[in-house]
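Below is one structure, written out as structure tokens; comments come after it.
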Amino acid sequence: MRLIQVLHGWPPEQMGGTGLYVQALSRALVSLGHEVLVVAPGRSLRPQLKFIEDDGVRGCQLLQPPALSWTAAWRRSTGLTLWRSLLEKERPDRVHIHHLSGMPLGLVSATADAQIPVTLTLHDYWLPCHRGQLVDRSLDLCAGPTPTGCARCATGRTQPRPRDQSRATHRGQAAAEAIRAADWLLSPSEDLAQRMGEMGFPTPDICPLPLVSPATPPAPQEDGPTRFLFASSVIPTKGPQQLLQAFERLPPGPTLTIAGHAPSFDGHPDFAAQLKTAAARNPNIQWLGPIPTVDVPALMARHDVLVLPSIWPENSPLVVREATAAGLRVVASKHGGAAELAPSAALVPPGDVAALTTALEAEVARGRTRNAPQIWQTPREHAEWLLKHHPGEDEPHMRD
């Protein structure tokens, strides 16, 4: 079959866990004999399609001029024109959309209108929440979109203007239409599926994700202090600031490694720099910054406990799969989908430094023990599952 995968950036591996998953899935589909094109947004003064080749997987960027406002990216007609021309050129048998940031929200309906089956996997909350994580500017969990709340988040105004609320309403309507236009709506976690239903959207089917690359077999554990690892984006919603506070309360001995890139985060421009400065004061904390994907298994092998104290309700974080496949113990936030991946994880209320400290102390008391490695589906097995379970083309669209 001719298949299109839609992602929010190229190259895929630079788009976090979702990008790594799409890259692994695309390569697995190619290995099964299918033709795959990964489509992502890009910037150019002249709207155009730019085709790319990467290790057997073709890519295509929908290049558009930079968006001048938060509303422009999701409603520009130039993106839809490019998309329709791409569908006409490629004539795909199926389209699988993983993220639409930087793309027009009408892309889903345009695909369905072309009578091409479309699958939509929700890797985060970007469709109902333009910030993507159901967390507002004050880092408080949001119950769901409202015109006033979304306008306040988008503009930073305490009292948003009526036109801001109107724009937020229109975006919400466009997002709802995109969700309902999909033939097959998927969620990697039960938690996200439940939250989507509670917000009034169709409840997605559950589609567990694979381990994108094999884990390194655990090495024999040596005596010594417990080694904690934070391996994720260094942004406020991932909770590294609470982890640093909790770690500072522990008696000397255990170590902490902080690994991950530090993208800009709206409203907190100096977050990573300030955190790095604070971490440098403790000799038992190592700040690695971003690391190549190929080095992650070795990084896991050098640690005992993964800590992911996210404030936002994580959907189905890849790093937890990698940690459990390597036999690491896990400390994670009580809400979100991380707990679904690590049944034995120590769960703490998000933002609760005292509870996180207690959980770290318990892990220190356990020493350098490991869990049995957890077995996960491979990308090829996952690709075969998707192909086998895709709804038949004669079945009605979810929007009907």
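The values are calculated or read from the model by the stated rules, or taken from the named source; none is laboratory data. Predicted, not measured: the structure shown is a model, and the values here were computed from it. Glycine also receives a Cβ, built like all others from the backbone with ideal geometry; neighbour counts cover every protein chain displayed.
Annotations
- Filter pass, ALA143 being out of contact with any Leu (no Cβ under 7 Å at 6 or more places or on another chain), closer than 29 Å to SER264 by Cβ and either surrounded by fewer than 18 Cβ atoms within 10 Å (Cβ to Cβ) or modelled with pLDDT of 95 or more (or both): yes
- Failed item, numbered, when HIS130 is tested on (1) surrounded by fewer than 22 Cβ atoms within 10 Å (Cβ to Cβ); (2) of a type outside the set (D, E, K, R); (3) more than 29 Å from SER85 (Cβ to Cβ); (4) under 19 Å from the mean Cα position of the chain (by Cα): (3)
- The helices (runs of 4 or more DSSP H) found entirely in the range 305-394 that carry 1 or more residues being over 24 Å from TYR21 (Cα atoms) and in contact with a Lys or Arg (Cβ under 9 Å, 6 or more places away or on another chain) are 353-366.
- Test result for TRP126, touching a residue at least 24 places away in the same chain (Cβ under 8 Å), more than 24 Å from MET1 (Cα to Cα) and hydrophobic (A, V, I, L, M, F, W, C): yes
- For the range 31-50, a residue qualifies if it is among the aliphatic types (A, V, I, L, M) and either modelled with pLDDT of 95 or more or touching a helix residue (DSSP H, G or I) at 6+ places or on another chain (Cβ under 7 Å) (or both), and the qualifying residues are LEU32, VAL36, LEU37, VAL38, VAL39, ALA40, LEU49.
- Filter pass, SER316 being of a type in the set (Ser, Thr, Tyr) and over 18 Å from the mean Cα position of the chain (by Cα): no
- The strands (runs of 3 or more DSSP E) falling completely within the range 33-123 that include 3 or more residues that are touching a residue at least 12 places away in the same chain (Cβ under 8 Å) and touching a Gly at 6+ places or on another chain (Cβ under 6 Å) map to 35-43, 57-64.
- Taken as a whole, the range 82-103 holds at least one residue that is modelled with pLDDT of 95 or more, crowded, with 17+ Cβ neighbours inside 10 Å and charged (D, E, K, R).
- Taken over the range 116-148, residues that are in contact with a Cys (Cβ under 8 Å, 6 or more places away or on another chain) and over 20 Å from ALA178 (Cβ atoms) amount to 3.
- Which listed residue, of ALA193, ALA175, ALA151, is at pLDDT 90 or above, touching a strand residue (DSSP E or B) at 6+ places or on another chain (Cβ under 7 Å) and surrounded by 21 or more Cβ atoms within 10 Å (Cβ to Cβ): ALA193
- Filtering the range 219-275 to residues that are crowded, with 17+ Cβ neighbours inside 10 Å, of a type in the set (Gly, Ala, Ser) and within 20 Å of ALA365 (Cβ to Cβ) leaves only ALA246.
- Residue match in the range 188-195 (condition: more than 18 Å from the chain's Cα centre (by Cα), more than 30 Å from ARG370 (Cα to Cα) and of a type in the set (A, V, I, L, M)): no
- Sole exception among (1) in contact (Cβ under 8 Å) with a residue 40 or more places away in the chain; (2) of a type in the set (A, V, I, L, M); (3) assigned by TED's automatic domain parsing to the domain that holds THR121 for ILE206, by number: (1)
- Of all the criteria given as (1) on the phi > 0 side of the Ramachandran plot; (2) within 17 Å of the chain's Cα centre (by Cα), the one not satisfied by ILE235 is (1).
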